[in-house]
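Computed from the coordinates by the stated procedures, all read-outs in this text should not be read as laboratory data. This structure is a prediction, so every number in the text was calculated from the model and none was measured. All Cβ positions, even for glycine, are placed from backbone atoms using ideal geometry, and neighbour counts span all protein chains on display.
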Amino acid sequence: MLSLYDRIKSKKDNPEQNDQRELEIVNLIQSIRADLLFEAQTQNIDGQTKENLEKNVKQLLENYLRKSERFLPKEEKQGLIEQIVQDISGLGPLQPLLDNEDISEIMINGPKQVFIEKKGKLTLSSTKFINDSHVMNVIDKIIAPLGRRLDESSPKVDARLPDGSRINAIIPPLALNGPTVTIRKFQKDRLTINHLIQYKSLNREMANFLHTAVRGRMNVLVAGGTGSGKTTLLNILSSFIPKDERIVTIEDAAELTLNQPHVVSLETRPPNIEGKGEITIRDLVINSLRMRPDRIIVGEVRGGEALDMLQAMNTGHDGSLSTIHANTPRDVISRLETLILMSGYDLPMKAIRQQIASAVDLIVLQKRFSDGSRKITHVTLVEGMENETITLQDLFVFEEVTTYKNSKVSGRYVKVGAPPKINGHGWE
């Protein structure tokens, strides 16, 4: 249904008059909406069922229009009622996007530009907010129950929605376009390794090997770029851990959902308004070593905690899992070296590489392609040290062949090397 705003905008005759009418209508709707929201809150009509809420908002609107002697067409009335109900009971214009299961990410670049991702493709949606304050109200509604804040003294925040979706928000003066929000939605239907095979993200032989690698307590790093599906793959690999093991997960914003009965989930904490009380990933990794974990799963290694994670892998916590940003298996090694140098310890490069070579057993690289598909492109074994170089051996690779007819990326998975025995057992 086209709003009155859109219908006026689409008319070609008398553009100057239409612009004036458009502005008048938009201002009227904004004024009515603000007054109605205030009246709804004073009458405390939130917390009702959606049907009762719509009925009460409709009555408030009719009373308001009658008293103010204003008029709105039927279509605009219904649209305004829906907007106000969404603002009271949900997250305003954001709610329909969150409810749409086909949408995997939402990106708000200021009030008038909202992009969405469907099936790996970004598109500009028709969703709009009224102004910066409207966006800020939605953000506050998300983060207030979590004890987080967003203002000039703390202009960026990471949080999560009740369903587990991850949200990052940043506001002026850091964000020049206005309040900017990025939401990575939580999949309600949990993916399994069979889904990845169905989506051609890997083949059955690779899946069998990864299953045995995790159960055989190999230390695995899942690597890839932003949006490549690292956390999703980490979640799937975590499902292979036996149910009789104690698992400690460590994340900035909790996204992992494990079905095992013995899982302890830890989450970082930002500093308070005085700049104190921050708990980092590194703090939690160190603390987890005192919690008698069989497995440690770190959502993402991106700082000095890399050294503590590697030391844990080297001191009896085999089978640990984590993700890291990198574009190739060799880049994983280089990035780990850089992160360890960030830990503050003055270690020689040879000692750092020895730590990496003895701790990390397997690198699983995932890539997001131009057609939106995500595939595991490398399963690489860390063999050890040769002189001062860490040696890597590709076990499986994806050989890409692009079909330009429909812009779909296709190819085949190739077993390059002979996968090792894992804890003395075969894997096929």
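If you average the sequence gap of Cα pairs under 8 Å that are 6 or more apart and divide by the length of the stretch 284-381, what percent do you get for the contact order?
Result for the stretch 284-381 is 25 percent.
Give the calculated FRET efficiency between Thr328 and Gln78 to the nearest 0.05, with a Förster radius of 51 Å applied to their Cβ-Cβ distance.
Computed FRET efficiency for Thr328 and Gln78 comes out at 0.45.
What percent does the relative contact order of the stretch 193-415 come to when contacts are Cα pairs within less than 8 Å and at least six residues apart?
It comes to 21 percent, rounded to a whole number.
Placing unit charges on C-beta atoms (Lys and Arg positive, Asp and Glu negative, everything else neutral), compute the dipole magnitude of the stretch 193-415 about its Cα centre in debye, rounded to 20.
Dipole magnitude for the stretch 193-415 comes out near 740 debye.
Rounded, prolate or oblate: which one fits the stretch 93-184, using the alpha carbon gyration tensor with axes a ≥ b ≥ c (rounded when a/c is under 1.5, else prolate when a/b beats b/c, else oblate)?
It is oblate, given that a/c is not under 1.5 and a/b is not larger than b/c.
Could you work out the mean projected area of the convex hull around the alpha carbons of the stretch 139-285, in square nanometres to one decimal?
Mean projected area of the Cα convex hull: 10.7 nm².
Among Met309, Met349, Met218, which comes first, second and so on when ranked by fewest other beta-carbon atoms within 10 Å?
Met349, Met218, Met309
What FRET efficiency comes out for the pair Asp346/Lys276, r = Cβ-Cβ distance, R0 = 35 Å, nearest 0.05?
0.80
Assuming a ≥ b ≥ c are the square roots of the Cα gyration tensor eigenvalues, decide whether the stretch 86-137 counts as rounded (a/c under 1.5), prolate (otherwise, with a/b larger than b/c) or oblate.
Oblate, since a/c reaches 1.5 and b/c is not below a/b.
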